[in-house]
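A.B. asks: Attaching a single structure in structure tokens format; questions to follow.
Every number here is computed from the coordinates shown, using simple stated rules; none is lab data. Predicted model, so just to flag it, every value in this text is computed and none were measured. All Cβ positions, even for glycine, are placed from backbone atoms using ideal geometry, and neighbour counts span all protein chains on display.
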Amino acid sequence: MEMTKTKPFITLEHVNKEFVTKNKTTRALSDVSLEVSKGEFLVIVGASGCGKSTIIRLIDDIIKPTSGTIQVDGFEYDNTKPISKDFISRMGFVFQIPNLYPWLTVRENLLLPLKLLNINTKEHVEYAEYLLDMVHLQNYAGAYPNEISGGMAQRLGVIRAMVHKPEILMMDEPYGALDELTREQMDIELLDLWKQLGTTIIFITHDVEEAVLVGSRIYVMKSDPGRIVADVPIEFGTNRTINNKFTHQFSVYCDQITELIGEIDLSKIK
Amino acid sequence: MIIILLLWEISTIAFHVDSKVLPSFTDILSAFQNKFIPIILPDLLITMKNLVLGYVIAVPLGILIAAICAQSQTLVKIATPLIIMTLVTPVIIIVPILIPFIGFDAKIKVLVVILQTAPIIILNSLVGFTNVKQEKLDLMKSYGASRFEIFRKITFMDALPRVFAGLELGCILSTIGAVSGDIAVGDGGIGTRIQMAASTLATDTVFASILSTCLLAIILFQVVVWIERNVIAWK
């Protein structure tokens, strides 16, 4: 099969990130370079503390790199000042915890990004209602976050990141707190959404099976200092189902990636 | 509570305690009943005016100072010991220093209330403003929200329960402040009444006045609790 090399949508080149605390400097990322194509479902997998989350926080401009360049759609980030609201509105971020604001209702939490980004078209508000419906939260729209279950809260966290129709969705172990059955179901739901919307997704997880189930390509990371050690394409095509899990190829991928992650030095995990 | 009051009542009668030393509880109640409207209430109203005025100024002032301090970690480090210093210094001993500047004016009593109340509001608000979970702030950053927007929409809202804890403690401290102001400055008010009654051994009036002051503090406290319940509706 011949593949034409498309221009990458997101590029990180020689990115370093150090966190300086009172007593010491931690190298979260060391010389990380990566590329993500438009519409790709990229997964970054690795043990705790390997810098996975740092990468998407850099792309979403929550933090700035110590050195190196970040480019999205041909636009290079300025490492000294925040990128514009217009540009940042092209991205969505799902946190490890639902990260809902307890003083806002379910619907207010969902609409918050639109408010912050000054988006008030009828189309977006209708889309918000569609998303609520899709994740079965329509009946809870007026409830406060402490009145809904953990799974509902997490689903709300996911659709909130999508409400402004971002081109890039970054997800930081979004289902880590859920039980395995719910998580698989959410993974499949996410794949459906991805197929429908063609969003570029960067998905962070430490779960190898989850990585192989959803990813079209997987970056494997190691810690101390955080770096990318492998780039593994997952050739399951776009039409994925839970049944992929029971194929021989699936376990081959899992074994390969587990081996790449290697032995985890527990003493270095904080 | 009832047992204590009963013991008080019985022991004052049983041991023939002089009512100038310790009046029985029923003596206090009858003093309260007889003297509340003609004697205690006018003084209580003077104190209440200073108290409420001082409190109403101290609340926004305290929150504002906390909000400014919260903007920098260095400021927090500098401010915290200063706040604790003002908290432990009885404001009443500062009054003689202030009198040459302000004079024996009602203003000085309001100032005493502010000085007594603001630090606890600052301290509590500051703890609230500086303990917001990083993810909550990151989410706002991920939508390019400005620093002011983040403070107004997230930090402030997240800290509200803590701020209200400060406002409730502030109720109690402002009552102490108002009464100390009366005592230090003289010139009317429930504190002056207590002092005068004590010097003439009208112990029942002393106790009845203290009781009235306590009731005032409890009512103010409940008002703030009621406001809190309505403002923090999500809990």
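A.B. asks: Would you order A:Cys254, B:Cys171 from fewest to most other beta-carbon atoms within 10 Å of each residue's own beta-carbon? Mind showing how you got there, number by number?
C.D. replies: Values: A:Cys254 16, B:Cys171 22.
Arranged by neighbour count, lowest to highest, A:Cys254, B:Cys171 become A:Cys254, B:Cys171.
A.B. asks: Along the charge dipole of the protein assembly as shown, Cβ charges K/R +1 and D/E -1, which of A:Val163, B:Ile183, B:Phe164 sits furthest on the positive end?
C.D. replies: Of A:Val163, B:Ile183, B:Phe164, it is B:Ile183.
A.B. asks: May I ask which residue of A:Val208, A:Ile83, A:Gly176 lies farthest towards the positive end of the charge dipole of chain A, with charges of +1 (Lys, Arg) and -1 (Asp, Glu) on Cβ and the Cα centre as origin?
C.D. replies: Of the listed residues, the answer is A:Ile83.
A.B. asks: When only Cα pairs under 8 Å and 6 or more residues apart are kept, what is the percent relative contact order across chain A? Can you show the working numbers first?
C.D. replies: Numbers: 475 pairs, mean separation 68.6, N = 270.
Over chain A, the number comes to 25 percent.
A.B. asks: Same structure again: From the phi angles alone, apply the Karplus equation (6.51, -1.76, 1.60; θ = phi - 60°) to the stretch A:241-247 and give each ³J(HN,Hα) in whole Hz, x where the residue is Gly or Pro.
C.D. replies: 9, 4, 5, 3, 4, 9, 8
A.B. asks: Please arrange B:Ile172, A:Ile228, B:Ile2 by counting, for each residue, the other beta carbons lying within 10 Å of its beta carbon, fewest first.
C.D. replies: Numbers: B:Ile172 16, A:Ile228 22, B:Ile2 6.
By the 10 Å Cβ count, ascending, the order reads B:Ile2, B:Ile172, A:Ile228.
A.B. asks: Add -39500 (n - 2.57) for each DSSP H run of 4 or more in chain A, then divide by its residues: what number comes out at 222 nm, to the nearest 500 deg cm²/dmol?
C.D. replies: On the way: 8 runs with 88 residues, N = 270.
Roughly -10000 deg cm²/dmol at 222 nm, from the helical runs in chain A.
A.B. asks: Further question: Over the protein assembly as shown, what portion of Cα pair distances is larger than 31 Å, expressed as a whole percent?
C.D. replies: Details: 75170 of 127260 pairs.
The proportion of pairs with Cα distances above 31 Å equals 59 percent.
A.B. asks: Right, next: Taking only DSSP H segments of four or more residues, each worth -39500 (n - 2.57), what value at 222 nm results for chain B once the sum is divided by all its residues, to the nearest 500 deg cm²/dmol? It would help to have the intermediate numbers written out before the result.
C.D. replies: Numbers: 11 runs with 182 residues, N = 235.
Only helices count here, giving -26000 deg cm²/dmol.
A.B. asks: Mind grabbing the base-10 log of I(q)/I(0) for the stretch B:1-61 at q = 0.17 Å⁻¹? Debye formula, identical points on the C-alpha positions, no solvent, two decimal places.
C.D. replies: Debye curve over Cα of the stretch B:1-61, log10 I(q)/I(0) at q = 0.17 Å⁻¹: -0.73.
A.B. asks: Which of A:Leu104, A:Phe19, A:Val232 sits closest to the plus end of the dipole of chain A, meaning its Cα is farthest towards the positive end, when Lys and Arg get +1 and Asp and Glu get -1 on the C-beta?
C.D. replies: The residue sitting most towards the positive pole is A:Phe19.
A.B. asks: Next question. Under a 5 Å amide H to amide H cut-off, with H placed in plane at 1.01 Å, what residues pair with A:Met170 once short-range neighbours are removed?
C.D. replies: A:Gly92, A:Phe93, A:Val94, A:Ile202
A.B. asks: For the stretch A:214-231, what does the Karplus curve 6.51 cos²θ - 1.76 cosθ + 1.60, with θ = phi - 60°, yield as ³J(HN,Hα) per residue in whole Hz, taken in order and with x for Gly and Pro?
C.D. replies: For the stretch A:214-231, the Karplus-derived couplings read 9, x, 8, 8, 10, 9, 9, 10, 10, 9, 6, x, x, 8, 8, 10, 7, 10 Hz, x marking Gly and Pro.
A.B. asks: Same structure, new question: Once amide H atoms are built 1.01 Å from N in the peptide plane, which residues 5 or more positions from A:Ala230, or in another chain, come under 5 Å H to H?
C.D. replies: Under 5 Å from the amide H of A:Ala230 lie the amide H atoms of A:Val220, each far enough along the sequence or on another chain.
A.B. asks: Quick one: which of A:Lys115/A:Lys245; B:Lys107/B:Lys133; A:Lys195/B:Lys133; A:Lys22/A:Lys222; A:Lys115/B:Lys235; B:Lys49/B:Lys133 span more than 31 angstrom between C-alpha atoms? Please report the intermediate quantities before stating the final value.
C.D. replies: On the way: A:Lys115/A:Lys245 40 Å; B:Lys107/B:Lys133 41 Å; A:Lys195/B:Lys133 34 Å; A:Lys22/A:Lys222 25 Å; A:Lys115/B:Lys235 24 Å; B:Lys49/B:Lys133 40 Å.
The pairs that break the limit, which is 31 Å between Cα atoms, are A:Lys115/A:Lys245; B:Lys107/B:Lys133; A:Lys195/B:Lys133; B:Lys49/B:Lys133.
A.B. asks: With N residues in chain B, what two-decimal value do you get for its Cα radius of gyration over 2.2 N^0.38 Å?
C.D. replies: Numbers: Rg = 21.7 Å, N = 235, 2.2 N^0.38 = 17.5 Å.
Here the Cα radius of gyration is 1.24 times the empirical estimate.
A.B. asks: Looking at the stretch B:111-166, which trypsin sites (Lys or Arg not before Pro) are in a loop (DSSP not H, G, I, E or B) and have at most 15 other Cβ atoms within 10 Å? Intermediate values should be presented prior to the final figure.
C.D. replies: On the way: sites: B:Lys133, B:Lys136, B:Lys141, B:Arg147, B:Arg152, B:Lys153, B:Arg162; in loops: B:Lys133.
Sparse-neighbourhood loop trypsin sites (Lys or Arg not before Pro): B:Lys133.
A.B. asks: Ok, one more. Excluding residues fewer than 8 places away in the same chain, name every one of the aspartates and glutamates whose C-alpha is closer than 18 Å to that of A:Lys24.
C.D. replies: A:Asp224
A.B. asks: Show me the chymotrypsin sites (Phe, Trp or Tyr not before Pro) within the stretch B:55-153 that DSSP assigns to loop and that have at most 15 other Cβ atoms within 10 Å of their Cβ.
C.D. replies: On the way: sites: B:Tyr55, B:Phe101, B:Phe104, B:Phe129, B:Tyr143, B:Phe148, B:Phe151; in loops: B:Phe104, B:Tyr143.
The qualifying sites are B:Phe104.
A.B. asks: Using Cα positions and a limit of under 17 Å, work out the aspartates and glutamates in reach of A:Lys85, with same-chain residues fewer than 8 apart set aside.
C.D. replies: Answer for A:Lys85, where 17 Å is the Cα cut-off: A:Asp60, A:Asp61, A:Asp73, A:Glu76, A:Glu167, B:Asp138, B:Glu149, listed by chain and number.
A.B. asks: Rounded to the nearest 20 debye, what is the charge dipole size of the protein assembly as shown about its Cα centre when +1 sits on each Lys and Arg Cβ and -1 on each Asp and Glu Cβ? List each step's numbers first, then the result.
C.D. replies: On the way: 44 positive and 51 negative charges, 294 e Å.
Roughly 1420 debye, rounded to the nearest 20.
A.B. asks: Tell me, A:Val229, B:Val59, A:Val43 in order of fewest to most beta-carbon neighbours within 10 Å?
C.D. replies: Numbers: A:Val229 13, B:Val59 21, A:Val43 28.
If I rank by nearby Cβ atoms, fewest first, I get A:Val229, B:Val59, A:Val43.
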